[in-house]
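None of the figures in this text is laboratory data; all of them are computed from the coordinates on show. Worth saying up front: this structure is predicted, and the values here are computed from it rather than measured. Methodologically, a virtual Cβ is constructed for each residue, glycine included, from the backbone with ideal geometry; neighbour enumeration extends over all protein chains shown.
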């Protein structure tokens with residue numbers, strides 16, 4: 001299952017993101033094709049490497065759902081036209097601070 005999203009140009013840095021089946025948490029694909037809740041652990045990919053990473057993620061849909069490419073800077077910082085949405089996904093819900101990933105020790109505050 002994949003959502004329809006605009007295709008990013010091949011030379012734009014990206015990470016692969018999805019939802020963890022067991023927890024519902026936002027996760028990011030790491031260089032060793034595992035998953036982390038911390039966007040800083042994500043592998044930044046471009047070009048054919050991004051296509052290969054997305055294909056690998058789509059083959060892992062027993063552990064994750066709805067994998068897609070997300071635009072980032074070369075350093076892996078959230079950027080692009082969906083910055084607000086992806087920042088919320090990376091840091092946690094906006095409803096109460098106790099639910100934020102930083103409060104759970106997943107990312108630095």
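Placing a pseudo-label 7 Å from each Cα along the Cα-to-Cβ vector at residue 32 and residue 87 gives an inter-label distance of 3.2 nm.
How high is the FRET efficiency between residue 66 and residue 22 when r is their beta carbon distance and R₀ equals 22 Å, given to the nearest 0.05? Efficiency for this residue pair is about 0.90. For the range 14-99, the square roots of the Cα gyration tensor eigenvalues, ordered a ≥ b ≥ c, give a/c of at least 1.5 with a/b no greater than b/c, which places it in the oblate category.
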